[in-house]
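Beneath this line is the structure, given in structure tokens, with notes to follow.
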Amino acid sequence: MGLNDTPMGERVHIGFFGRRNAGKSSIVNAVTGQQLAIVSDTPGTTTDPVFKSMELLPLGPVEIIDTPGIDDVGELGELRVRKTRQVLGKTDIAVLVVDAEKGIGRADEELISLFKEKNINYIIVMNKADLLTSAQRDFSMDNIIYVSAKNNDNIGQLKEMIAHLTKTDDVKLKLVGDLIDPGDICVLVTPVDAAAPKGRLILPQQQAIRDILDAGGINVVVQEDRLKDALDALGKKPKLVITDSQAFSKVNEDTPKDVMLTSFSILMSRYKGTLAASVKGVAKIDDLKDGDRILMSEGCTHHRQCGDIGTVKIPNWLRNFTGKKLIIETSSGTGFPEDLSGYALVIHCGGCMLNEREMQSRIAIAETQNVPITNYGMAIARMKGILKRSLSPLPEYRDLDF
């Protein structure tokens, strides 16, 4: 899979961190072989995290993140540092850039502690090593390397170290391919409404189609008002029906009870490793009270249409289902709150535009603060009375009693 057809959520996210003027941007440019970041001798040149999707050999498709100095000062500096810390939530590999002449300082040690706390693989890059003698170099740590961005010294070795820390195995859970056998028919119900992207399918639908093809399955793609026609025309019972969550109610009615049914959102949550928390959190819907605050959170920043699933449909279903006067708030993109203590429940999208680490980081924030969190598909299935059925394709949830 190349850069152009690799979703952002599937790329390895490599974050470059460090103090001001340690040479982070210079290292980014040297590693990528491109002038991605502005380089200057003035401390604090990088003012916001800079994201760049690219192909980086020998890793393949990656997301490079250049961050502001962690020791920035003043009110704006505090905001920049906060953004830098937010980047840790999506970082798969951290590269800590240190001015070799100054050595590892307190701010660097704090970053190393955060890397360890968040279980992020990291490398310490001692930049400006051309200004040191051999005797001044300390190799007591296995994950340290001395480089010179100015002279391009050891940049190749640094790239190899980064590649070594990257997960390269192929045992990652499939979106749906591990649930079917070759020759099985999967019917994908993909509503086309005002919120649907013109001329294309949304990412989870695209990924499901490809995953089914790779597993040797047969894709049948229809809109919700053509599901019955498709099932009648097949002549063979499908193994699985996958629907957009907002069409759950109608698709449930039109799908024979002996055919397994689930949603793209539920499969995506399983794929990102967040489904267990979502299953646990969905029970909170039954206990909501008047005045409870609910956070509807999306990982992307699409333009919201009339009848939007996150801001209109689910809130309306929640109020009708619970009969309570609920306070609904929203977040999107990178704007996931660090403080969730005021919320009774978080309902998150499937997270197709977020990488696995960021989705799990958001789950961890909620669980640490004892705030239940679930996702769109789970919430809708619960409110429509089909939660057990929607999880039936997943072996680990078939025997649970809801």
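Tabulated results
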{"quantity": "Criterion (open to solvent by 20 Å² or more (accessible area, probe 1.4 Å), at pLDDT 80 or above and on the phi < 0 side of the Ramachandran plot) met by exactly one of ILE104, ILE93", "calculated": "ILE104"}
{"quantity": "Pair list, Cβ < 6 Å and 6+ apart or interchain, from segment 364-378 residues that are free of Cβ contacts under 8 Å to residues at least 24 places away in the same chain to residues that are surrounded by 15 or more Cβ atoms within 10 Å (Cβ to Cβ)", "calculated": "none"}
{"quantity": "Whichever residue in segment 382-402 is in a loop (DSSP other than H, G, I, E, B) and in contact (Cβ under 8 Å) with a residue 40 or more places away in the chain and, among such residues, is surrounded by the most Cβ atoms within 10 Å (Cβ to Cβ)", "calculated": "LEU391"}
{"quantity": "Cβ pairs under 7 Å, 6+ apart, first in segment 317-345 and at positive phi, second in a strand (DSSP E or B) and of a type in the set (Phe, Trp, Tyr)", "calculated": "none"}
{"quantity": "Among residues of segment 8-58, those that are touching a helix residue (DSSP H, G or I) at 6+ places or on another chain (Cβ under 7 Å), among the hydroxyl-bearing types (Ser, Thr, Tyr) and at pLDDT 80 or above, counted", "calculated": "1"}
{"quantity": "Leading residue by the ranking (surrounded by the fewest Cβ atoms within 10 Å (Cβ to Cβ)) among those in segment 352-381 that are in a helix (DSSP H, G or I) and touching a Phe, Trp or Tyr at 6+ places or on another chain (Cβ under 7 Å)", "calculated": "ARG362"}
{"quantity": "Those residues of segment 215-255 which are assigned to a helix (DSSP H, G or I) and open to solvent by less than 40 Å² (accessible area, probe 1.4 Å), in sequence order", "calculated": "LEU227, ALA230, LEU231, SER245, ALA247, PHE248, VAL251, ASN252, ASP254"}
{"quantity": "Selection status of LYS289, under 23 Å from ILE373 (Cβ atoms) and assigned to a loop (DSSP other than H, G, I, E, B)", "calculated": "yes"}
{"quantity": "Odd one out for PRO61, checked against (1) over 22 Å from VAL147 (Cβ atoms); (2) modelled with pLDDT of 90 or more; (3) open to solvent by less than 40 Å² (accessible area, probe 1.4 Å); (4) not β-branched (Val, Ile, Thr)", "calculated": "(2)"}
{"quantity": "Some residue of segment 230-242 being under 23 Å from MET359 (Cβ atoms) and in contact with a Leu (Cβ under 8 Å, 6 or more places away or on another chain)", "calculated": "yes"}
{"quantity": "When residues of segment 306-321 are limited to those that are touching a helix residue (DSSP H, G or I) at 6+ places or on another chain (Cβ under 9 Å) and open to solvent by 30 Å² or more (accessible area, probe 1.4 Å), the one modelled with the lowest pLDDT", "calculated": "CYS306"}
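The values are calculated or read from the model by the stated rules, or taken from the named source; none is laboratory data. All values reported here derive from a predicted model rather than from experimental measurement. Using ideal geometry, Cβ is built from the backbone for each residue, glycine included, and neighbour counts are taken over all protein chains shown. Areas reflect the complete protein model, heavy atoms only, side chains present, ligands, DNA and RNA absent. Shrake-Rupley method; radii C 1.70, N 1.55, O 1.52, S 1.80 Å.
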